[in-house]
1. Amide H of Asp14 versus every other amide H placed in the peptide plane: which residues, excluding those fewer than 5 positions away on the same chain, fall under 5 Å?
2. With point charges of +1 on the Cβ of Lys and Arg and -1 on the Cβ of Asp and Glu, referenced to the Cα centre of the chain, which listed residue (Ala58, Gly269, Leu28) lies farthest in the positive direction of the dipole?
3. Mind checking the log10 I(q)/I(0) for the chain at q = 0.06, 0.09 Å⁻¹? Debye, one equal scatterer per Cα, no solvent, two decimals.
4. Please go through the range 300-361 and write out the GluC sites (Glu not before Pro) that DSSP classes as loop and that have at most 13 other C-beta atoms within 10 Å.
5. Restrict the search to the range 272-311; then list the GluC sites (Glu not before Pro) that DSSP places in a loop and that have at most 14 other Cβ atoms within 10 Å of their Cβ.
6. For the chain, with a Gaussian network of springs between Cα atoms less than 10 Å apart, report the residue from Ala217, Ala278, Ala194 with the top mean-square fluctuation.
7. Given charges of +1 on the Cβ of Lys and Arg and -1 on the Cβ of Asp and Glu, with all other atoms neutral, how large is the dipole of the chain about its Cα centre, in debye to the nearest 20?
8. Using a 1.4 Å probe, what is the accessible area per residue for the chain, in Å²?
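The values are calculated or read from the model by the stated rules, or taken from the named source; none is laboratory data. These figures come from a predicted structure and were not determined experimentally. As a convention, Cβ positions derive from the backbone with ideal geometry for all residues, glycine included, and neighbour counts pool all protein chains shown. Heavy atoms of the whole protein, side chains included, go into the accessibility calculation; ligands, DNA and RNA do not. Shrake-Rupley method; radii C 1.70, N 1.55, O 1.52, S 1.80 Å.
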Amino acid sequence: MTTKQLPCGPVMADVAGFSLSDEERQRLCHPLVGGVILFRRNFQDIEQLKALTAEIRALRSPALLIAVDHEGGRVQRFIDGFTRLPPMQLLGQLWDSAGATAAEAAADNVGYVLAAELRACGVDLSFTPVLDLDWGQCAVIGNRSFHRDPAVVSALAVALQRGLQRGGMGSCGKHFPGHGFVEGDSHHVIPVDARSLDALRTDDLKPFAALAAAGMASVMPAHVVYPAVDSQPAGFSRVWLQDILRAELGFDGAIFSDDLTMEGAAGVGDIVARAEAAFAAGCDMALVCNRPELADELLARLVPPQLPKLAERLARMAGQGEVADWQALLGSEAFRAAQQAVLQLGLPRETLQGPIVGEAY
């Protein structure tokens with residue numbers, strides 16, 4: 001197979017199974033495609049996953065960015081052969097019971113193990129950490145959140161980010177500016193958060209500011225409307241993405257749209273209108289998941305947006321180090337010690353309770 005020399009585009013698509021079909025190879029070689037998101041359905045075992053990511057990587061140069069939602073808890077796409085990661089709420093509970101030092105060390109280890117195991121399989125990026133506060137009223141976030149206190153969320157997320165970086169991976173803070181206060185699940189409805197910008201600055205924005213200052217590599221905005229700030233959902237809002245995230249918080253990494261097939265994006269129009277709105281607001285890459293016919297419609301009709309920093313930002317998102325070196329590292333005493341520390345955190349019985357997130361179970 002000949003590797004195409006082709007700059008990465010601003011669309012992230014998915015694939016159906018354990019290997020690529022001819023139709024998928026053609027789709028992934030479209031100039032507008034720049035990344036692939038993997039799901040539970042793409043994982044049979046570690047050797048198969050390595051082969052799939054190698055197949056994707058061989059299609060193009062620079063290689064497509066390969067990402068996955070692999071947070072821990074009920075959002076962990078790959079299980080067999082991977083360390084079972086706890087929900088982030090467990091780290092917040094550890095903070096409350098054992099103190100900051102123990103909790104931050106645990107968060108660092110979780111990030112390191114998460115990233116190193118994915119890098120050893122050729123995955124570049126996990127869409128983590130969740131920075132939403134645990135207001136106790138958003139079931140789809142639930143135990144995916146570290147804590148209610150923004151200072152605790154900030155500290156644990158920065159520690160997790162350090163671990164991700166040790167494991168050769170950047171971070172993706174989500175769901176900007178905070179999805180934890182609303183009851184609705186944006187996979188199915190368009191949630192509305194009526195709080196003022198000052199209220200959001202006091203609480204929900206603080207973890208995003210802290211991670212941006214600590215080198216956060218990317219952000220995923222929420223399909224949530226904050227009418228006191230803008231009438232558009234955050235992922236389609238220049239106010240949120242340009243004025244607040246870029247200008248006020250000083251963030252210069254990549255902005256990924258959340259999945260544009262979700263109901264929370266439906267109010268903007270068809271798939272092309274959604275992508276155009278996301279790019280106009282300031283997104284660098286649009287995700288189109290689980291609907292290959294919509295991905296093809298977007299690739300056929302979208303006028304390529306002007307994104308002068310796209311190549312630079314995607315290059316920063318690429319996983320660090322060679323896959324073979326990460327595979328070797330998994331056998332080292334240092335990695336095994338970190339892995340055992342993560343396993344000792346345990347997995348609470350209620351870990352898997354809550355709404356299915358994407359394709360979690």
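1. Close amide H contacts, sequence-distant or interchain: Ile37, Asn290.
2. Ala58
3. -0.19, -0.44
4. Values: sites: Glu312, Glu322, Glu333, Glu350, Glu359; in loops: Glu322, Glu359.
Passing sites in the range 300-361 are Glu322.
5. Values: sites: Glu276, Glu293, Glu297; in loops: none.
Answer by residue number: there is no such site.
6. Fluctuation is largest for Ala194.
7. On the way: 30 positive and 43 negative charges, 116 e Å.
Charge dipole, the chain, about its Cα centre: 560 debye, nearest 20.
8. On the way: 13280 Å² over 361 residues.
Normalised by residue count, the accessible surface of the chain is 37 Å².
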